[in-house]
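Here's the structure we're looking at; comments come further down.
The values are calculated or read from the model by the stated rules, or taken from the named source; none is laboratory data. Here the structure is a predicted model, which means the values were calculated and not measured. As a convention, Cβ positions derive from the backbone with ideal geometry for all residues, glycine included, and neighbour counts pool all protein chains shown.
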Amino acid sequence: MKIKINCCIISIALLIPFFIFSQTTKAIENYFDNEVKEKAREFKEQVNFNKAQAFFLEKNYDSTLVYAMKQLSVTKNQELRDYCHYFRAISFKEKKLFEEAKKEFTKVSPNFKFYYNLKIGLGEIALEQGDFKQALSNFLEVEKQYSPKHYFRKSVLNHNIGVCYLHLQDFDKSEKYLFEGVKLLELEKDSKMLVASYMDIATLYYEQYKDAQAIPYFIKAYNLSKKTNSFQLKQNATLNMAVVEENRKNFPLALTYRKEYETWKDSLNDQNKVWALADLEKKFAVKQKQKEVNVLAAENRTKVAERNGFIASSALLLILFSTGVYFYRQKIKNNKIILAQKNELDELNATKDKLFSIVSHDLRSSVNALKTSNSKLIENLENKNFTELDVLLHNNSNIANGAYNLLDNLLNWALLQTKQAYFYQEQLHLASIVQHVEYNYKPLMLNKNITFNIAVDKSDYVFADMDSLKIIVRNLLDNAIKFSKENGTISIYTRPSSDDFCYLIVKDTGSGMNAATREQLLKNTVLLSKKKDDDAIGTGLGMQLCKSMIHKNGGQLDIESEENVGTEIIITLQKFKNNG
């Protein structure tokens, strides 16, 4: 029986994975790289060409564009001109400047050794721009001229032809080429491309309402995506499985896939933050170097800056609009919840007032600190005092991280108090949870030169809710970093466990606490307390949240500490028992 109940939703959610493959394998890259290097040795006296090819092989496309243009302005050798135009075309293509890339491709002569790659590049650009007929024309021309001496992947070519036919609604031809591509990819054992191909085949069948044929390929894509290191593929494959199960009315399993999707989404966001930081550092280095280039390079830089500014402005407007819509919808939803739960929320007003007072004070302090620091940033930026800029930027980052952690704890505390938090206890590998949390805090520990040790027994499995356990470990690790001095030590380890419980310890060599503070932290109360260190954001909310979540998971919390020596936080968790 075909699944037709939520057809509109399926079309939106499952037509996303039309993947465009590019010709990038190690063997092809090595062959092309060796040919380019050989050409550089042949024309070693051509300094600009040698710099252009070196930057091209390093994928430094901005510098490639500059030196390739310099070479074009001084040479009449057709072979060198073909290589320079090809370098510039690929550079523009990688930078998503497709019109400029097409112009450079058309300047390459038909005698160029890698002319078939030019047609493939034009086809990929047309596919990116949605000109599927033009893309198909280029790909079919390459297919007709195919020869074993041509260094490109037949599997990728077949897949891209199949995608073109899929967009053009020629399903029979699309099916033929997609399956031919998959057979070759299976021989090549290219897991990432296979995941994408399986999803495109599944989409092909869904377009024709052949659900029984589509779903097995979504399952194959999902299972294979687990063996790849691509968060994007894992995210797409998991989302597709969630939609499939929702249409099957298997909502518990769909919810499981949705949770896994959110996990991959968070991992992808973390990865994107790292890449964004690396991209900013690269742009700064390029800007410094481009001060030495000629007028032509300056004009190119101006065009790129204008384009990036337009994209950034458009993206910012889109984000602001989306954020406004999101908060407007959340406001409507929250108003309904408030009306339905007014009596229950009245009982929490005393705690809420105290919480808002403390949080407002801390947030005001952090915002004021950011305002002061930003004023210094502007002043040092004008004076080009880069050493002080680096210190101020790190300081801003620490303040922002503290404020973010406070807001995150506030959100989780509110969900816990209003009984809206999702809570599901299951078997969890304790060492894996600790390692996952540790990944996000490595930069903070490196910034303070803190030595970090993990000695969690890999045989320990606990019975707990995954999200709340991560929040517990994250808050305790955050506190350990916050109250540790530079060159200190933080350790996370387990003590020998009993038959029923595991003991996880977070130990630091920080400022410690006296007996009175320790007893206050261990009291069973919802009232909040302010930490002694007013230089750091601290409301006691994180520790209160940890206590609540530990107790909800059936565990206990204990503290051993001595002033100016350090602190040990001992968490007792239920051990998972396999009764099967």
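General remarks:
- Verdict on Glu175 being buried (at least 17 other Cβ atoms within 10 Å of the Cβ) and in contact with a His (Cβ under 9 Å, 6 or more places away or on another chain): no
- Of the residues making up the range 548-577, just one is among the polar types (S, T, N, Q) and on the phi > 0 side of the Ramachandran plot, namely Asn564.
- Being modelled with pLDDT under 80 and of a type in the set (Ser, Thr, Tyr) is a property that holds for Ser267.
- Subset of the range 235-248 (residues that are free of Cβ contacts under 8 Å to residues at least 60 places away in the same chain and more than 12 Å from Met199 (Cβ to Cβ)): Ala242, Glu245
- Every residue from the range 77-129 that is closer than 19 Å to Asp62 by Cβ, surrounded by 22 or more Cβ atoms within 10 Å (Cβ to Cβ) and in contact (Cβ under 8 Å) with a residue 40 or more places away in the chain: Tyr83
- Members of the range 439-469 that are touching a helix residue (DSSP H, G or I) at 6+ places or on another chain (Cβ under 8 Å), surrounded by fewer than 18 Cβ atoms within 10 Å (Cβ to Cβ) and charged (D, E, K, R): Lys448, Asp457, Lys458
- Only residues that are modelled with pLDDT under 85, out of contact with any Asp or Glu (no Cβ under 6 Å at 6 or more places or on another chain), in a helix (DSSP H, G or I) and closer than 27 Å to Glu99 by Cα were counted across the range 286-302, and they come to 10.
- Listed conditions (1) of a type outside the set (Ser, Thr, Tyr); (2) out of contact with any Leu (no Cβ under 8 Å at 6 or more places or on another chain); (3) not assigned by TED's automatic domain parsing to the domain that holds Gln232 are all met by His159, apart from (2).
- Residue check for Lys144: surrounded by fewer than 18 Cβ atoms within 10 Å (Cβ to Cβ) and without any contact (Cβ under 8 Å) to a residue 40 or more places away in the chain: yes
- Test: residue in the range 214-237 that is touching a Lys or Arg at 6+ places or on another chain (Cβ under 8 Å), within 30 Å of Lys176 (Cα to Cα) and modelled with pLDDT of 85 or more: no
- Check on Lys26, at pLDDT below 90 and either under 19 Å from Asn294 (Cα atoms) or surrounded by 14 or more Cβ atoms within 10 Å (Cβ to Cβ) (or both): no
- The one condition from (1) among the basic types (Lys, Arg); (2) modelled with pLDDT under 85; (3) over 30 Å from Ala340 (Cα atoms) that Lys419 does not meet is (3).
- Which listed residue is at pLDDT 70 or above and part of a helix (DSSP H, G or I), from Leu393, Leu345, Leu363: Leu393
- Unique match (being assigned by TED's automatic domain parsing to the domain that holds Val565, touching a Phe, Trp or Tyr at 6+ places or on another chain (Cβ under 7 Å) and buried (at least 20 other Cβ atoms within 10 Å of the Cβ)) among Leu504, Leu477: Leu477
- Tally of residues being of a type outside the set (A, V, I, L, M), modelled with pLDDT of 90 or more and surrounded by fewer than 18 Cβ atoms within 10 Å (Cβ to Cβ) across the range 562-571: 1
- Search result, residues across the range 472-516 that are at pLDDT 85 or above and among the hydroxyl-bearing types (Ser, Thr, Tyr): Ser484, Thr489, Ser491, Tyr493, Thr494, Tyr503, Thr509, Ser511
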